[in-house]
Amino acid sequence: MAGSMLEVRDLRIHFQTDDGTVRAVDGVSFSLDRGRTLGIVGESGSGKSVTSMGIMGLHHGTNAEITGEILLDGENLVAANPGRVRELRGSKMAMIFQDPLSSLHPYYTVGAQIIEAYRVHNDVSKQAARQHAIDLLGRVGIPTPKTRVDDYPHQFSGGMRQRAMIAMALSCDPELLIADEPTTALDVTVQAQILDLINDLQSEFGSAVIMITHDLGVVAELADDILVMYAGRVAEYGSAADIFGRPDHPYTWGLLASMPRMDRARITRLVPIPGTPPSLIKVPSGCPFHPRCRYTHLTGGRCDTEVPPLREAGTPGHAAACHLTAEQRRQQWDALQAGKVPGEAEEPVSQGPVSQGPVSQGRAEA
Amino acid sequence: MIFFIIRRLVLAVFLLILVSMITFAIFFLVPRLAGQTAYQLAAQYVGRSPTPSEILAVEHKLGLNDPLYLQYGRYLKGIVAGIHYNNGTDVSYCPFPCFGYSFRNQQPVWPQLISDAPVTLSLALGAAVLWLIGGVSIGVLSALRRGSFFDRFSMGVALAGVSLPVFFTGLVSLELFSYKWSIFPNVHYVSITSNPLLWARNLVLPWITLAFLYAALYARLTRAGMLETMGEDYIRTARAKGLPERKVVIKHGLRAALTPIVTIFGLDLGLLLGGAILTESTFSMPGLGQFTILAIQNQDLPEILGVVMIASFFIVIANVIVDILYAVVDPRVRY
């Protein structure tokens, strides 16, 4: 793992509030190389956005307590002074946000905002920066960028706004691009276009991408590796092929089972995960997922007392934080694939063919 | 943008005509409807203890027996072209622009307004600069250091500022700085053309007094606006670009928070230009506010009518400027 462009080691981001300590991120580790895409998946409040904001240094000035290491090309951003992180922000690492309308300043033209992003880090004339902005807008697929550069965000459509955000993020050729739910606020038809665009630009710029989403379909399309987060911790971490082909954590099973899949017969019932995500102030003892887990009876009562470590089981590089043994995981996943949900009356729900998963062909083995 | 401005200006002209109609109706139609005769009405347009013949002369001069539309037409004509008040023996000329003729002072109202306006203008503009700079910067700092000692202290002072009336703060400052410590002795208005230094020195206390009231209000407004905008997504975007925090605050945060401030600033200033009655009275400054008070005390109706017209003119103009500024500040408004 050494020598990766981005390495996050045991990252913890806590917030002190009047109600207690919010453990938004609690010991997250992962690494990412150039040209690769990492998908971070989890429900709202699982700590995925807080993690990405932490990498960007956007918690500076708040009451966040950050420990652990964020190594960007060997430079520890947690220990670096805020001025240095600010220099890297926007130049070496850039971010795209969820809602492009509220993320663009309503009072400045799209062009002015891209020019501003470019000129903070590059000592160029206004004319040169403007030409750069026009080029970028053209590259992200804005028609007639020469005139559109002087438009205000409210004159753009939702998809075009997100394209403009992407152009802004790419203005300084960042090596790391973090996309925080980039398609959540967009029409379904536009979503695919934006994802394609990010994918194309990644191969063009060769940057590393972190794709944050609660939508497994999005990461299935794009990600090489997937990090599943739950209650601020890593539940499962592995290649996209592993996560979709042979997931090892009951939470990932829950996510997959609750997602409609094109490759299954329509009679397959969607299985929701019972309950709600836990409070990050009072995280459940032991495994944070145990109150919602259907498999706690299999581990001999360890789930609510012992925190399961993140360990590899079976495939190298594929780790899950669960007390189930490798054998139990395999059995339970196969049973689930056959349509058997534990704790529910046995009924023949699914006769549909079970394939390898929704991982799109080209990227599964990437 | 040009069409937007033209439309606003045309609207403003209509608004002014409407204002003149309403003011005219208040002063000439309402008393008649309430049963006053032309003679009784005329009695209010002359000196304190007039003789019946004087009243009759005024009744003729003003044409108070004529139909109302004629009177209104004459009033408008006076404003745009000037007018002769003539009953044969006694001719008084009220030149353009004639905003009425004061029979108490035996002179047209307009020159008096013109001579008093610079006083109010000096007071209002100077105070406006102070309260805008002071209020906005205190508001921004308070918002950025929310909950700090500075925030709580300045918001406490601001609460005092909006609560204390001008005649209290003004008198206290006069007592302390003028009489007791003689820092600004003998405060009285001196015109800027005769002695700019003395003009400024004597205006310091009135400026601060008036600005204190408004700065308090603006500090609270700015603080609330900044707290809101600094939590917006586009602020996060600005930070994610790697902008220095100062630029994030001023160029992205304050710019957005300033829009409602601009609106209310225009209206406040427009209102003040019609006369800062309390401040002018407290510091005995011969401005439009003093003029209004005197006119009301003397029941000099033409003067009151004139000053109402001027004040409403300022407010309408301020509104137009605010509308145009708004479109400049917020591009989404340019329809």
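A count restricted to the stretch B:215-249 and to residues that are polar (S, T, N, Q) and in contact (Cβ under 8 Å) with a residue 60 or more places away in the chain stands at 1.
For the criterion of being facing chain A (nearest Cβ under 7 Å), buried (at least 21 other Cβ atoms within 10 Å of the Cβ) and either touching a Leu at 6+ places or on another chain (Cβ under 9 Å) or small (G, A, S) (or both), B:A240 passes. For the criterion of being of a type in the set (V, I, T), in contact (Cβ under 8 Å) with a residue 40 or more places away in the chain and crowded, with 22+ Cβ neighbours inside 10 Å, B:T279 passes. You will find that of A:G74, A:G57, A:G61, the residue that is touching a helix residue (DSSP H, G or I) at 6+ places or on another chain (Cβ under 8 Å) and surrounded by fewer than 17 Cβ atoms within 10 Å (Cβ to Cβ) is A:G61 and no other.
Residue-wise test of (1) buried (at least 17 other Cβ atoms within 10 Å of the Cβ); (2) closer than 16 Å to A:D248 by Cβ; (3) among the charged types (D, E, K, R); (4) modelled with pLDDT of 85 or more.
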| position | (1), (2), (3), (4) |
| --- | --- |
| A:P272 | no, no, no, no |
| A:P291 | no, no, no, yes |
| A:P316 | no, yes, no, no |
| A:H323 | yes, yes, no, yes |
| A:G339 | yes, no, no, no |
| A:G362 | no, no, no, no |
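Pairs meeting the criteria (first residue in the stretch B:316-335 and more than 22 Å from B:L271 (Cβ to Cβ) and more than 10 Å from every other protein chain (Cβ to nearest Cβ), second residue of a type in the set (G, A, S) and assigned to a helix (DSSP H, G or I), beta carbons under 6 Å, at least 6 apart or on different chains) are B:V333/B:A327.
Here A:V28 fits the description: in contact with a helix residue (DSSP H, G or I) (Cβ under 7 Å, 6 or more places away or on another chain), over 24 Å from A:L195 (Cα atoms) and not in a loop (DSSP other than H, G, I, E, B).
Quick check, is A:G138 over 22 Å from the mean Cα position of the chain (by Cα), surrounded by fewer than 17 Cβ atoms within 10 Å (Cβ to Cβ) and closer than 20 Å to A:Y118 by Cβ? Here the answer is yes, as A:G138 does meet what is asked. Pairing residues of the stretch A:284-299 that are in the same structural domain as A:G254 (by TED's automatic domain parsing) with residues that are of a type in the set (D, E) and surrounded by fewer than 18 Cβ atoms within 10 Å (Cβ to Cβ), at Cβ distances under 6 Å and at least 6 apart in sequence or on separate chains, gives A:S285/A:D304; A:G286/A:D304; A:G286/A:E306; A:H290/A:D304. Within the stretch A:164-191, the set of residues being farther than 24 Å from A:L32 by Cβ and away from every other protein chain (no Cβ under 12 Å) comprises A:L186, A:D187, A:V188, A:T189, A:V190.
In the stretch B:171-186, the residues that are β-branched (V, I, T) reach residues that are assigned to a helix (DSSP H, G or I) with C-beta atoms within less than 7 angstrom, at least six apart or across chains, in these pairs: B:I183/B:F177.
When B:L288, B:L254, B:L301, B:L269 are checked against the criterion of being closer than 16 Å to B:Q112 by Cα, modelled with pLDDT of 90 or more and out of contact with any Leu (no Cβ under 6 Å at 6 or more places or on another chain), B:L288 stands alone in meeting it.
Restricting attention to the stretch B:9-38, the residues that are in contact (Cβ under 8 Å) with a residue 24 or more places away in the chain and hydroxyl-bearing (S, T, Y) add up to 2. Filtering the stretch A:125-149 to residues that are farther than 23 Å from B:D330 by Cα, among the β-branched types (V, I, T) and in a helix (DSSP H, G or I) leaves only A:I134. Going through the stretch A:1-41 one residue at a time, which ones are of a type outside the set (V, I, T), farther than 30 Å from A:L201 by Cα and in contact (Cβ under 8 Å) with a residue 12 or more places away in the chain? A:D10, A:R12, A:H14, A:F15, A:Q16, A:D19, A:G20, A:R23, A:A24, A:D26, A:G27, listed by residue number. Could we say that A:H154 is within 14 Å of chain B (Cβ to nearest Cβ) and either crowded, with 16+ Cβ neighbours inside 10 Å or not small (G, A, S) (or both) here? In short, yes. Taking the numbered list (1) under 29 Å from the mean Cα position of the chain (by Cα); (2) more than 30 Å from A:A64 (Cβ to Cβ); (3) within 11 Å of chain B (Cβ to nearest Cβ) in turn, A:A133 passes all entries but (3). Taking the condition of being under 12 Å from A:L324 (Cβ atoms) and either out of contact with any Leu (no Cβ under 9 Å at 6 or more places or on another chain) or part of a helix (DSSP H, G or I) (or both), how many residues in the stretch A:290-307 meet it? The qualifying residues number 9.
The values are calculated or read from the model by the stated rules, or taken from the named source; none is laboratory data. Treat the numbers as computed from the prediction; the structure is a model and nothing was measured. Using ideal geometry, Cβ is built from the backbone for each residue, glycine included, and neighbour counts are taken over all protein chains shown.
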